[in-house]
1. Under 20 Å Cα-Cα from Lys14, which aspartates and glutamates qualify once same-chain neighbours fewer than 8 residues away are excluded?
2. Restricting to DSSP loop positions (anything but H, G, I, E, B) with no more than 10 other Cβ atoms inside 10 Å of their own Cβ, which chymotrypsin sites (Phe, Trp or Tyr not before Pro) remain in the stretch 1-77?
3. To the nearest 0.05, how large is the calculated FRET efficiency for Ser2 and Phe43 if R₀ is 41 Å and r is the Cβ-Cβ distance?
4. For Lys163, list the lysines whose Cα falls under 18 Å from its own Cα; do not include residues on the same chain fewer than 8 positions away.
5. Determine the dipole magnitude for the stretch 68-168: charges of +1 sit on the beta-carbon of Lys and Arg, -1 on that of Asp and Glu, nothing else is charged, the reference point is the Cα centre, and the result goes in debye to the nearest 20.
6. Only Lys, Arg, Asp and Glu count, each charged at its Cβ (+1, +1, -1, -1), so figure out the dipole size of the chain about its Cα centre, rounded to 20 debye.
7. If you project the alpha carbons of the chain onto their three principal axes, what span does each projection cover, largest first, in Å?
8. Over what distance in Å are the Cα centres of the stretch 134-166 and the stretch 71-121 separated?
Amino acid sequence: MSFIRPEARVAIVKWREVLVGLVVLLLGLWWASGGGILRWIGFAVLIAGIALIVSGIQRARFRRGTGGPGVVQVVEGEVAYFGPLNGGSVAVRALSRLVLDGRSNPAVWALYQPGRPQLHIPVNAEDGEALFDAFASLPGLKTEQMLARLQDVKAEPVLIWAKDDRRLS
């Protein structure tokens with residue numbers, strides 16, 4: 001028996017890092033209001049709480065829910081997708097382009113690696129939130145730009161990142 005409504009549970013899971021960051025922030029404020037060495041520890045914890053909140057907001061904006069087709073797995077820089085009709089894997093370091101393609105429902109991430117077929121991963125695939133860290137590790141990727149494009153998906157492919165592409169600067 002659950003005491004939390006399903007909608008509330010979904011919201012809590014989506015925003016969990018922000019909630020943890022708020023708890024850490026409040027703890028830091030409490031300690032910082034004290035004296036002595038605890039005050040300086042409180043300021044450090046306060047900064048950590050702010051960092052958790054900022055990171056948590058980005059992660060929450062990236063999450064598209066669960067229950068989509070297939071499962072994503074990211075292990076040691078290798079993105080694998082196990083879908084009902086297709087699948088595959090690509091190495092994050094070997095990616096040449098990352099595209100958000102809104103022509104299908106749901107939209108898909110298209111990952112391009114030279115010499116391999118492109119890998120299409122639905123934005124709401126199970127465990128798709130693991131892609132956030134994989135994408136964030138791409139050199140020069142603008143996280144806020146990616147999140148803005150994800151919030152307003154167009155019915156066309158949109159280039160999010162390309163290796164050594166000066167046009168994205």
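1. Glu126, Asp127, Glu129, Asp133, Glu144, Asp152
2. Phe3
3. 0.60
4. Excluding near neighbours in sequence, the set is Lys142.
5. 460 debye
6. Details: 19 positive and 14 negative charges, 61 e Å.
I would put it at about 300 debye.
7. The principal-axis extents, from largest down, are 61, 48, 30 Å.
8. Each part's Cα centre sits 14 Å from the other's.
Any read-out appearing in this document is the output of simple, stated calculations on the displayed coordinates, not a laboratory observation. This structure is a prediction, so every number in the text was calculated from the model and none was measured. Reconstructed Cβ throughout: ideal geometry from the backbone, glycine too, with neighbour counts over all protein chains shown.
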